């Protein structure tokens, strides 16, 4: 990497640092984006259909219409993210051209490439990618991701996969921390990751980038659970605008992420939120999105 | 000396890391109950000012903290923290509004325009400056003193007990601006003259 590229990558990792302790909300219209900003979202994810509707509609799911994304960029002052398909570097080029603040190379959309992810080092704008374990996370970082999130299972309202992914990743990080230095080479081979990134994990006990929770978060309790499990912030997709009272639920989740260990406060926040999104159980899912992009 | 760090959202851990390196005691403010611990200075970190502004009210921190700042509590705001203190916010809403500065939010544009530079800071010398979707200070008034300019804009200022930067000293290894803030608490009357000499 040239100096300028390295500098840009640092700045992109640093934007993720500013998002920590916050909630990033999926929105499909400028109106929803404003509701999210007012409720305390630290960023919004602009997309045409939230994951629950993508599941319901079926078919191929692609990057959103740039016009719709621009409408959301104009509606709010907080950072705006948008999704492109795994491996679809032209969709990513388009999102960079409209000056998106963060690109999510996302398994929620239909993958455009079943083998290769985007070479994210070739972009100026930052990328966030999903991961189920340490190997996936470090491979995405090697490709240039400057932020990681758990995959979870989007659009289900079921937090079980996000919990599994966060626990798996953190257990693997603890294991790497406890290895002897000379054992890291073999671990890098097994995980299929670059040795320098694994060394960082060994020495620091964390990923070299910010790590958020995503997938199936539907309640303030879900969000606090992910924070107590070690997430640095939370993405909420379908959970807000598929619920009975989006404004109230969104604001409650924001507060629960700030005070994630205060059970009394979270109890109060959980009162009278109206109907939560219906949700689909793990066993009932027809389409497993987490399998996309390893 | 004990420093409180507002830990509602954003990069508060980075400030805590700097304080740890400087050997200063600190604790986090996440709700009103945390205010019962006495403290000598307050750090308002980077993050999203809209989020922090909203949570300050919802968590009943706004009124007590504003009173403390107005009563002279030393406070150091970076980026979003600067916006929280500004008396006028162009492109956003006012929060504490305790400082006589006018600030332009997202002044440089989107993430593509985030940048790193180095520029002189009054009394310290050249310091690293990381701007992330940053604001700048459009103008100062009253007895506000300009501490740094970069790229033709005011990016750091001080007024009595309040120090603000549009950039993020907490993201670099350089601890001199945090030290500057701590020195201003230890010797409030002499900091400006000693640093100027």
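The values are calculated or read from the model by the stated rules, or taken from the named source; none is laboratory data. Model, not experiment: these values are computed from the prediction. No Cβ is skipped: glycine too gets one built from the backbone with ideal geometry, and neighbour counts run over all protein chains shown.
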Go through the residues of segment A:221-231 one by one and say whether even a single one is within 23 Å of residue A:82 (Cα to Cα), in contact with a helix residue (DSSP H, G or I) (Cβ under 7 Å, 6 or more places away or on another chain) and part of a helix (DSSP H, G or I). yes
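One line per residue, one yes/no per condition, for (1) touching a helix residue (DSSP H, G or I) at 6+ places or on another chain (Cβ under 6 Å); (2) buried (at least 16 other Cβ atoms within 10 Å of the Cβ):
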| position | (1), (2) |
| --- | --- |
| B:7 | no, yes |
| B:15 | yes, yes |
| B:21 | no, no |
| B:31 | no, yes |
| B:39 | no, yes |
| B:42 | no, yes |
| B:45 | yes, yes |
| B:63 | no, no |
I need a count of the residues in segment B:18-30 that are more than 10 Å from chain A (Cβ to nearest Cβ), over 16 Å from the mean Cα position of the chain (by Cα) and outside any strand (DSSP E or B). 5
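For (1) closer than 16 Å to residue B:58 by Cβ; (2) within 14 Å of another protein chain (Cβ to nearest Cβ); (3) assigned to a loop (DSSP other than H, G, I, E, B); (4) modelled with pLDDT of 95 or more, each residue gets a yes or a no:
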residue: A:244; (1), (2), (3), (4): no, no, yes, no
residue: A:252; (1), (2), (3), (4): yes, yes, no, yes
residue: A:257; (1), (2), (3), (4): yes, yes, no, yes
residue: A:260; (1), (2), (3), (4): yes, yes, yes, yes
residue: A:266; (1), (2), (3), (4): yes, yes, no, yes
residue: A:275; (1), (2), (3), (4): no, no, yes, no
residue: A:280; (1), (2), (3), (4): no, no, yes, no
residue: A:283; (1), (2), (3), (4): no, no, no, no
Taking residue A:49 as the residue in question, decide whether it is more than 14 Å from chain B (Cβ to nearest Cβ), part of a loop (DSSP other than H, G, I, E, B) and surrounded by fewer than 22 Cβ atoms within 10 Å (Cβ to Cβ). yes
Is there a residue being within 13 Å of the chain's Cα centre (by Cα), more than 14 Å from chain B (Cβ to nearest Cβ) and in a strand (DSSP E or B) anywhere in segment A:101-122? yes
Can you find a residue in segment B:138-155 that is closer than 22 Å to residue B:17 by Cα and touching a residue at least 40 places away in the same chain (Cβ under 8 Å)? no
Within segment B:100-112, can you find the residues that are surrounded by 16 or more Cβ atoms within 10 Å (Cβ to Cβ) and not in a strand (DSSP E or B)? B:105, B:106, B:107, B:108, B:110, B:111, B:112
Which is touching a strand residue (DSSP E or B) at 6+ places or on another chain (Cβ under 9 Å) and at negative phi, of A:193, A:163, A:201? A:163
Six or more apart or on different chains, Cβ under 7 Å: which pairs go from a residue in segment A:165-192 that's surrounded by fewer than 16 Cβ atoms within 10 Å (Cβ to Cβ) to one that's not in a helix (DSSP H, G or I)? Could you list them? A:167/A:229; A:177/A:205
Inspect all residues belonging to segment B:124-139 and state whether any of them is in a loop (DSSP other than H, G, I, E, B), farther than 30 Å from residue A:5 by Cα, touching a helix residue (DSSP H, G or I) at 6+ places or on another chain (Cβ under 6 Å) and more than 14 Å from chain A (Cβ to nearest Cβ). no
For segment B:72-81, check the following and say yes or no: at least one residue is more than 20 Å from residue B:169 (Cβ to Cβ) and either more than 11 Å from every other protein chain (Cβ to nearest Cβ) or part of a loop (DSSP other than H, G, I, E, B) (or both). yes
Inspect all residues belonging to segment B:31-39 and state whether any of them is closer than 17 Å to residue B:162 by Cβ, outside any loop (DSSP other than H, G, I, E, B) and more than 9 Å from chain A (Cβ to nearest Cβ). no
When only residues in segment B:40-60 that are under 24 Å from residue B:184 (Cα atoms) and either part of a strand (DSSP E or B) or more than 11 Å from chain A (Cβ to nearest Cβ) (or both) count, which is farthest from the chain's Cα centre (by Cα)? B:40
Segment B:159-178, residues that are in a strand (DSSP E or B) and out of contact with any helix residue (DSSP H, G or I) (no Cβ under 8 Å at 6 or more places or on another chain): B:159
Out of the residues in segment A:125-160 that are under 13 Å from the mean Cα position of the chain (by Cα) and part of a helix (DSSP H, G or I), state the one that is surrounded by the fewest Cβ atoms within 10 Å (Cβ to Cβ). A:140
Hits in segment B:95-123 - residues which are more than 14 Å from chain A (Cβ to nearest Cβ), more than 16 Å from residue B:151 (Cα to Cα) and within 15 Å of the chain's Cα centre (by Cα): B:96, B:97, B:98, B:99, B:100, B:101, B:102
Which of the residues spanning segment A:12-33 are surrounded by fewer than 24 Cβ atoms within 10 Å (Cβ to Cβ), assigned to a helix (DSSP H, G or I) and more than 10 Å from chain B (Cβ to nearest Cβ)? A:30, A:31, A:32
Identify, please: which residue in segment B:149-163 is farther than 24 Å from residue A:13 by Cβ and surrounded by 22 or more Cβ atoms within 10 Å (Cβ to Cβ) and is, among those, nearest to the chain's Cα centre (by Cα)? B:163
Only one of A:36, A:92 that is buried (at least 23 other Cβ atoms within 10 Å of the Cβ), touching a strand residue (DSSP E or B) at 6+ places or on another chain (Cβ under 6 Å), within 12 Å of chain B (Cβ to nearest Cβ) and outside any loop (DSSP other than H, G, I, E, B): A:36
Step by step: first the residues of segment A:60-84, then only those that are touching a residue at least 40 places away in the same chain (Cβ under 8 Å) and part of a loop (DSSP other than H, G, I, E, B), then the one that is farthest from the other protein chains (Cβ to nearest Cβ). Which residue is that? A:60
